[in-house]
1. Based only on Cα atoms, what mean projected area does the convex hull of segment 167-244 have, in nm²?
2. Between GLU323 and MET274, what length comes free when the chain is fully extended (0.36 nm per residue of separation minus the Cα-Cα distance, one decimal in nm)?
3. How high is the relative contact order of the chain, in percent, with contacts defined as C-alpha pairs under 8 Å that are six or more residues apart?
4. Test of understanding: what is the full-extension gain from GLN406 to SER332, defined as 0.36 nm times their sequence separation minus their Cα-Cα distance?
5. Ignoring ligands, DNA and RNA, please state the percent of accessible area on the chain from carbon and sulfur, probe 1.4 Å.
6. Which net charge results for the neighbourhood of TYR361, defined as the other residues with beta-carbon distances under 13 angstrom from its beta-carbon, given Lys and Arg at +1 and Asp and Glu at -1?
7. Project the alpha carbons of segment 194-325 onto their principal axes and report the range along each, largest first, in whole Å.
8. Counting only DSSP beta bridges with both residues in segment 289-434, what percent are antiparallel, rounded to the nearest 5?
Amino acid sequence: MKTRNILFVIALIGSMTCSVAQDVTILHMKDGTTRRYTNGIKEATNIRFYEYAPSETETPHYETTHDNGYQATWDVNQVWTIDGKYVVGLFWQSDIPNNFQARHGVCFGTKPGLNVDDCDNKTYATDLDGYPGCHYMVIGEKWKKNMEMTINVENKEPSFYIYDENNNRIITPLELGQTYYYRTFAECQVDESGQQKTIVMYGTERSFKVPKLMADFGYANPARFSLDALEAFAKHFPEGVKAPTWEQIESLWNLWLTTDEAKQMDFSADISSMTFDDGQGYTINRVPDEFYTWITNREIVVDPWNDIYAVSQIENSQTLELEPTITPRLVSNVDASWGVPGNRYVRFEPNKTSVNHSVTYRSDEAVAGVSYDIIIVFAPETVESSQIPTKVNVNANAVGSESSNQLVRSLEVPADKTTNAQVAEKYSITSMGMDLIIRTNTSASELSRNKFNRTMRIAEIRLIPRH
């Protein structure tokens, strides 16, 4: 049951009669005490009672969703994050009359049982502009970015920006995994036995826990490399090369674990575990040298159908929307006599456009710093009777790079046989992952004379490491 405090305000008013009045007003309290008030100059006293209910934070419930789907519940009104750090916002309303000259604020600390004399931090709040009796407080590290808070006031959804970096702030770092307590209060001025004194009215004490999550500490389930392990692993890579992140290397690690070599190894001594809010997490404290040897010596096969990353597009003059200039079509069950790998290839059929076309293949498994011979296998024409060849350019770059390197220009690809074209020798990238862009290079006159066409037939791409 909420504690309710009964207070009263004394005001002097004029008397409407001229009867004989007492010089005092005596109030007999229920607990047996009495209070005595001298009448005013008009020989009358007006007593108004005020019933105070503890102020409440408005809808103090907020949820955050994290990378692995875990949801954290906060008993606050708003949560912001920046660079992995949390900042919370509180909002509350109070109906204390102006007579009390109340100063509103928040008690804050790491232990329950807060009051203004026993807390880690006591900070006063100013009224929210445009909303009398409404207050807010921001708790966390100092954050200069403007913050937007959305709360429910009288069935409305006001949204306001917090610009002030100094007022209404409790500036303190919120530690991951730590539980914090807060309590709103109002310091009020009242008269008691003719003397003015300060009393404190408190709201309900609440708490919130800053989530302690695996990802914030370099843990995961299944296990991932620790930061120290990644730092040691990075020393394998040559100068000027960006070592891969866990996200870039995870798929290769999981693939290596399925090899006979990895199955014969015991990693238990190199794995640490810890309990977090989102479950049991693990971290790998050492990357085996055998893993680096494996990723830098394996031949990578790029699938012509499943590893298509993008195709060229052109703007439709009527709809102004981008549309592909070619349509990939998987051709299967190719006669084995053609020598096409897997007896299948992808035929890139031109749409009704007058431009050259391109397809981009992405290999996330290409390792930075490794020199690769790049071989593209072009299939013969098995769909149409026409045996018109095509010409292509081939470019390559590291994933995310803004610059592209031309590997081969105007490579003539026959349509009557399978062609194994080595488009690069000892080509390397400086960061993880490689994009290969294969583009037709047939002029309009060559197309009109049926000397070359713009149909590409790609059967396989191989990246062969050369040391």
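1. Dividing the Cα hull surface by four gives the mean projection, 10.1 nm².
2. Between GLU323 and MET274, full extension yields an extra 12.6 nm.
3. Computed over the chain, the figure is 11 percent.
4. So the extension gain works out to 23.6 nm.
5. 45
6. For residues surrounding TYR361, the net value is -3.
7. If we take the Cα atoms of segment 194-325, the spans are 91, 63, 30 Å.
8. Taking every DSSP beta bridge within segment 289-434, about 100 percent pair in antiparallel fashion.
The values are calculated or read from the model by the stated rules, or taken from the named source; none is laboratory data. Small disclaimer: the values here were computed from a predicted structure and weren't measured. Note: ideal-geometry Cβ built from the backbone for every residue, glycine included; neighbour counts use all protein chains shown. Protein only, heavy atoms only, side chains kept; ligands, DNA and RNA dropped before computing areas. Shrake-Rupley method; radii C 1.70, N 1.55, O 1.52, S 1.80 Å.
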